[in-house]
Structures are given as structure tokens and as C-alpha cells.
1. Could you run through the stretch 197-222 and say how many residues are surrounded by 10 or more Cβ atoms within 10 Å (Cβ to Cβ) and part of a loop (DSSP other than H, G, I, E, B)?
2. Among the residues of the stretch 130-145, write down those that are part of a helix (DSSP H, G or I) and in contact (Cβ under 8 Å) with a residue 60 or more places away in the chain.
3. In the stretch 159-185, which residues are at pLDDT below 80, assigned to a loop (DSSP other than H, G, I, E, B) and under 15 Å from residue 198 (Cα atoms)?
4. Pick out the one residue from 41, 85 that is surrounded by 12 or more Cβ atoms within 10 Å (Cβ to Cβ), modelled with pLDDT of 70 or more and closer than 17 Å to residue 9 by Cβ.
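The values are calculated or read from the model by the stated rules, or taken from the named source; none is laboratory data. The structure presented is a predicted model; accordingly, all values stated were derived computationally and were not measured. Cβ: placed from backbone, ideal geometry, glycine included. Neighbour counts: every protein chain shown.
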């Protein structure tokens, strides 16, 4: 920081004399230097195009308070409060005693940089362990697959085109050809010539095989043409169109009445149905149309009765 303030004073055109903090003999030279720097920085802050002052204000104040004087070997903070500021790295890391004063600011900067590297190594170690644990949990959920070199697969991409709803978007792209099977969970795809700009190495959970349907079998008939069975609709007998019903199965012809329970508070009627659901044969699917016709006829009859009662009144 001493080198920084020497260059800063050179830009301002000032010369910092040897002085002591709050000494009348120095006529406030050190304090005036700080005030001049603050005035120059205010001019920078007033610039309309400057938007990042809030990010560097605290760092600049910390730099001023921790600047070591070459003659006294103290900082402005130590002259006022009697103790020096320490960085976050010095507070969190077990670096021993940090109250000793480094007369050389460059040595202090190197020491803080070494602490920073130690903290980054610890963070990177924890990150690598966390990533390895996450990968192991993710790979544990992946079952066995039959993807090999040369297989044709679909690739899942969780993205949709702009303007399209993701709910109806087609998220499986491809097909792609497997170029290399790196390991049991990593697959490298052939991207060249496909038009897709994606990373070729993907996880096996994002892939699924393309189903290859075999060709239609081709067999030659050895039966004579006269002995073959004709499947033309015109030549089929009439009884072939009637469904075969068992002894306990019947076809609904007509709905005569419907059973209903008691009337509710507002005069509505609720119908009772069977609680057990069963499968219905295709031949009995006509009951829905007959039920709708019966309900429509009943509603018309009720409306006609209401009109007659109003005329009698």
C-alpha cells in the first residue's frame, strides 16, 4: 500500500512530509493528505457513468487505515485507536499472533496472499469432496443400460424454443451416434454434422436407446389360390358382425326409469350408482347414448309439467 500512496501522491502533485499523528508541530500534514485524497475521490464519485463506487468504498477505507508509514512504522488506525485492523483471513485462519508490525508493506501483502491461497485450497478440497459425493449419489440411481459404442440414442435437453410452452415442448433431441463409452456413466456422442452446438460428453441418465423395429417379415404362401380364405367384407356372413354374448350377458335395449334418492335442500335429485367399477365389453358401450337420451327425455317432460302447472294457476 505504501507504493500505491506514493504513486497516488505523484498523480496529485503532493509531497508527503514526515509527521506524527495529531502533532501540532507537523501542522496536520498527514491529515491534510487524507482530506485531499477524499476530495479527489469525491470528484470521481460524482461522475454519472460511475456505478461501482459502493463496491470499492469499504476496500479503500480499509487500505487507508492499514497503510504503514515509512518513518514511524504505524498506521493511521494505530495512531488513533492504539491497535491495527486485521483482515478476515487473519481472523478466520489459525496463523498465530498477528499483532507484530511489518515495516515492509510488501512483506505484509505477501503474507496475506499466502493466507488467501491456504483458504482457497481448503475450499477447493471441500468442493471436490462435495462434488464426488453428489456424483456417487447420482450414479447410484442409474440402473443397468445397454448403450455401447455405435449405439443410436436420444439426448434429453431441458430447454424449449423461445415462444413455445415448455409443457408441450419436445425435449428429446437427436438421434445421435455413440462415439465412445468413456466409462459406465459417461458417454461421448458424435456431434459433427448434426447441427447441435453442445458438449459431446453427457451422462448416461440423459440418454435412451432408439428402438429399432425389425422389417416386416416376408413369407411366400404355399397354398393354392383356390384354397385360400377370402376376407372381403362383402363375402363375410351376416352372423360374423353380431357379438358373441354369454348366457349372463345382455344388450341394453331401452332405459325405462332411474332410481334416485331423497331430494336435497334446494330440490335437486342425486342418482345412485354402483360403488364397484368393472370392465365393460365393447358391445355394451351403447348404454351411454341410451342414458343420455333417457335423461334428455325426462328433462323435457319435467319442463312440460312445470309449464302446465303455471297455466293452471
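1. 3
2. 138
3. 159, 160
4. 41
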